1. Could you tell me whether region A:112-121 includes any residue that is surrounded by fewer than 22 Cβ atoms within 10 Å (Cβ to Cβ) and under 23 Å from A:Val188 (Cα atoms)?
2. Somewhere in region C:137-149, is a residue within 14 Å of chain B (Cβ to nearest Cβ) and polar (S, T, N, Q)?
3. Just for region C:230-252: of the residues that are among the aliphatic types (A, V, I, L, M) and buried (at least 24 other Cβ atoms within 10 Å of the Cβ), which one is farthest from the other protein chains (Cβ to nearest Cβ)?
4. From the list B:Ile107, B:Ile81, B:Ile93, pick out the single residue that is in contact with a Leu (Cβ under 8 Å, 6 or more places away or on another chain) and of a type in the set (A, V, I, L, M, F, W, C).
5. Looking at region B:53-65, is at least one residue more than 9 Å from chain C (Cβ to nearest Cβ), surrounded by fewer than 21 Cβ atoms within 10 Å (Cβ to Cβ) and not aromatic (Phe, Trp, Tyr)?
6. Mind checking which residues of region A:3-56 are without any contact (Cβ under 8 Å) to a residue 40 or more places away in the chain and either touching a helix residue (DSSP H, G or I) at 6+ places or on another chain (Cβ under 7 Å) or in a strand (DSSP E or B) (or both)?
7. Take the residues of region C:1-48 that are in a helix (DSSP H, G or I) and of a type in the set (S, T, N, Q): which is modelled with the highest pLDDT?
8. Tell me which of these B:Ser235 doesn't satisfy, since it passes every other one: (1) closer than 27 Å to B:Thr41 by Cβ; (2) touching a Cys at 6+ places or on another chain (Cβ under 7 Å).
Amino acid sequence: MEILRTEKVTKRFGGLSAVLDVDMTLEKNEIQSIIGPNGAGKSTLFRLINGEMRPSSGRIWFNGEYITGMDQTAVSLRGIATTYQITNIFPRLSTFENVRLAVQSRKTAYNLWSKCGSDTKVNGKAGDILRTTGLHRKKDVLAGNLSYGDKRRLEIAIALGTEPILLLMDEPTSGLSPVETNEMAGLVRQIARGLSVILVEHKMKVVMDLSDKITVLHEGQVIARGDPGSIREDATVRRVYLGGVKV
Amino acid sequence: MKKNGFDFGKIMSWLAANPIPLIVVVLVIVPFISPYKALATQMVILGLLALGYNILYGYTGLLSFGHAAYFGLGAYATGIILIRTNCSLLTAIGAGVFVAFVGACLIGFLCLRRRGIYFALLTLAFAQMLYFTANMWESLTGGEAGLRNIPHPPLAIPGLFSVDVYAPTRFYFFVLAFAVIALILLNRILESPFGRVLQGIRENENRAKALGYNTNRIKWLSFVLSGIFSGLAGSLYTLHIGFVGIDELYWEMSGKILMMILLGGPGTFFGPFVGAGIFLYLEDIISGYTRYWMIVLGPIFVLSVLFFPQGVWGTVRLFLERLRKTPLEEG
Amino acid sequence: MLGIPFNILVFQVFTGLVLGTIFILLAIGLSLIFGLLTVVNFAHGAFYMWGAYAALLCIGCFGNFWIGLIVVPVALGIAGMVVEYALIRRVYGLNPDYPLLLTFGLSLIMIELVRMLFGTTGYPFNVPALLKGSINFFNLFSFPAYRIFVIAVTAAVIASLWLFLEKSNIGLIIRGGTRDSEMVKALGIDISRIWLLVFGIGTGLAGLAGILAAPMRGVYPEMGIAMLVECFVVTVVGGMGSLKGAVVSGLLLGQVVSLSCLFAPAMSNIVIFIAMAFVLLVRPSGLFGVSGLLE
């Protein structure tokens with residue numbers, strides 16, 4: 001079942017097309033990776049899907065609904081969450097609070113009266129997510145004081161708090177050591193059960209291991225699409241991106 | 001850590017989690033140790049003003065340079081309605097709060113069209129606009145001379161009781177009653193889910209938006225709440241001084257509020273109160289020596305921005321935190 | 001036309017032009033400082049006021065307005081550099097509120113110093129003898145010579161500034177726009193000198209505006225405050241960081257204020273805020289808005 005579709009999505013900045021006529025589809029529970037050299041338009045595509053930017057032209061459907069041009073808030077409420085390449089957390093709030101805020105976003109923001117401690121459902125869910133992402137023991141630490149690896153986990157935990165249907169992950173292993181990268185890949189595989197994921201990554205091993213499907217972007221356009229095996233063999237991709245080296 | 005049978009650590013923890021009773025006790029004692037009662041009353045009123053402002057600045061992270069506007073609106077509305085009608089005390093205060101509320105709704109909406117520095121400048125511009133308007137509209141506001149001879153109705157429910165609240169000590173406790181109610185309300189609001197979202201916006205507005213929060217509307221609500229408390233402070237101020245002038249709307253007033261917050265500690269619940277107390281006390285002492293007290297207070301402010309941005313109360317909390325070795329609850 | 005004699009209308013437009021030039025001088029300084037240092041100089045109005053008082057001192061010491069015209073902007077420029085070096089520099093890269101708070105505190109100190117040293121009531125300031133009187137145009141319009149002088153000076157300053165920014169290497173760097181430019185470091189230029197220079201130019205311009213404004217508005221400690229707020233409005237309308245925006249909206253708002261004196265004098269003090277509210281509702285990022293900077 002198709003969960004996301006983009007049709008000829010284009011984003012222009014002045015004379016430059018960051019993204020040009022991109023068609024892509026995502027099946028439910030699929031992990032699809034988008035790869036491409038720097039400046040290929042991957043992050044821009046994310047921003048178009050999650051509502052941070054409006055496309056210059058083209059259309060986007062999500063979960064059967066036409067979402068082109070909807071703003072970030074509306075898109076988030078429909079079940080698309082993003083994790084960012086540059087860690088985007090709430091530094092002076094505790095780790096627990098970072099996730100709790102995310103979970104609470106699915107309820108009302110305008111509750112001026114209850115004590116936060118009393119909502120067992122919200123707190124419980126936040127606790128569960130912290131356990132899943134391995135941050136439970138650090139829940140009282142201020143988010144800004146976490147180690148870099150833990151911050152990357154928190155980045156994911158926050159996104160999970162919003163009960164997303166689709167998770168857009170922008171380089172989750174960015175800046176991580178090889179050991180941490182493996183752990184992160186394992187985490188992504190774990191949370192991807194029951195979710196659909198679009199992943200932007202540079203580390204080819206992660207991409208090849210995790211993805212059901214891979215889309216390759218170059219200068220804003222799709223130049224190849226397929227399962228990891230066929231992408232590995234694709235001559236165009238190898239020339240443009242992998243530099244002719246067999247991975 | 002036990003000392004002479006007292007579990008010092010436990011007491012500190014409880015106080016940190018439930019600070020209001022202690023503060024109330026302190027505030028009850030203050031008028032009796034302060035040089036004169038009116039100063040204590042001013043501390044509470046301006047503390048209330050600073051507290052209101054802190055919702056916007058300390059919790060939501062929105063720097064406003066024009067909060068004198070809501071203080072002034074509250075002050076003028078109360079003064080005008082007392083002079084022109086024969087209304088009761090509580091009605092007059094209610095009118096002040098209401099006018100400040102409306103002002104905050106309108107001005108907040110316009111200012112929040114922009115973010116960051118622009119927002120700050122816009123708040124200043126609108127406050128100046130109100131200042132000029134009050135200056136010109138002499139028939140309503142008394143212009144530069146202000147409103148004098150404001151009547152002092154008793155606190156009364158017709159048929160039930162009537163109390164004259166204007167003797168210095170009585171007035172202090174009258175004002176304190178409002179302050180305590182405000183403190184409890186504010187504490188509730190800032191500890192609620194809404195209060196946490198405010199802090200989320202302060203820490204990372206873009207992420208809060210990405211999580212699905214309508215940050216503009218929430219900021220506006222924060223602005224309006226802040227205006228309500230500031231307006232209440234303005235009302236009480238008119239009753240305290242018996243006079244309303246355009247100085248209350250002037251940007252220097254907004255500056256004073258900022259300085260109080262910064263001296264006290266912006267991100268904390270009681271910082272503003274502490275800051276108001278310190279500020280007024282310093283002003284009182286220094287004015288005894290020179291009329292140019294800003295020459296002393298100005299550099300103190302600059303130095304605290306540079307070296308102590310967490311303010312006095314913030315520093316105290318950090319110290320207590322280190323003693324406890326874990327983060328304190330909000331306080 | 002409109003029930004008002006034509007020559008009065010023209011005169012009012014002219015007055016608006018003069019007011020606009022003061023706005024422009026101040027707004028350009030604010031924009032330059034903001035554009036390169038991402039600092040909003042809340043003390044800009046205080047530097048303007050200090051310029052006027054410095055002019056008073058010059059007249060007192062040298063008996064000559066013309067010397068003041070050179071000395072004052074230079075002195076204020078140097079004062080600005082001292083402030084940048086000692087204070088502002090410490091808060092770069094932190095929360096953008098800090099420079100604002102810092103310069104705000106500074107402005108309070110600067111105003112209080114003046115009150116202490118010169119008293120709170122202020123002084124009148126005479127138009128220099130050479131520029132007294134009016135100049136006649138085609139026997140139709142007659143404008144005060146001093147105000148024509150102000151317009152001429154401002155035009156000359158804007159032209160020189162434009163040349164400097166367009167044609168010189170340093171100008172190129174400043175126009176490049178960011179405080180920590182990799183390019184600059186790669187060229188081996190000490191960027192901290194450029195910060196000094198830009199801040200100094202900004203405050204120097206403010207000082208120049210002060211001395212030019214003094215004969216028209218008098219000299220008093222609070223003169224910077226209302227002017228500062230109005231200049232903030234100019235930059236909000238024109239777009240902070242945009243020099244073109246500063247010039248266009250300065251001229252525009254000068255006219256708005258001046259003409260309102262003619263048509264709706266009771267509102268003349270607040271009409272500039274109404275214009276701002278209007279722009280906010282209709283086009284929030286300003287006329288030439290470079291939105292996204294510090295938002």
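1. Checked against the condition, which is being surrounded by fewer than 22 Cβ atoms within 10 Å (Cβ to Cβ) and under 23 Å from A:Val188 (Cα atoms), region A:112-121 yields no hits at all.
2. No.
3. Selected residue: C:Ala246.
4. Testing whether each residue is in contact with a Leu (Cβ under 8 Å, 6 or more places away or on another chain) and of a type in the set (A, V, I, L, M, F, W, C) leaves just B:Ile93.
5. Our first condition is that a residue be more than 9 Å from chain C (Cβ to nearest Cβ); within region B:53-65, this holds for B:53-56, B:58-60, B:62, B:64.
Checking the rest, the ones that are also surrounded by fewer than 21 Cβ atoms within 10 Å (Cβ to Cβ) come to none.
Checked region B:53-65: no residue is more than 9 Å from chain C (Cβ to nearest Cβ), surrounded by fewer than 21 Cβ atoms within 10 Å (Cβ to Cβ) and not aromatic (Phe, Trp, Tyr).
6. A:Phe13, A:Leu16, A:Thr25, A:Gly51, A:Glu52
7. So the residue we want is C:Thr21.
8. B:Ser235 satisfies all of (1) closer than 27 Å to B:Thr41 by Cβ; (2) touching a Cys at 6+ places or on another chain (Cβ under 7 Å) except (2).
The values are calculated or read from the model by the stated rules, or taken from the named source; none is laboratory data. On a predicted model such as this, the values are computed, not experimentally measured, just so you know. Neighbour counts run over all protein chains shown; Cβ positions are idealised from the backbone, glycine included.
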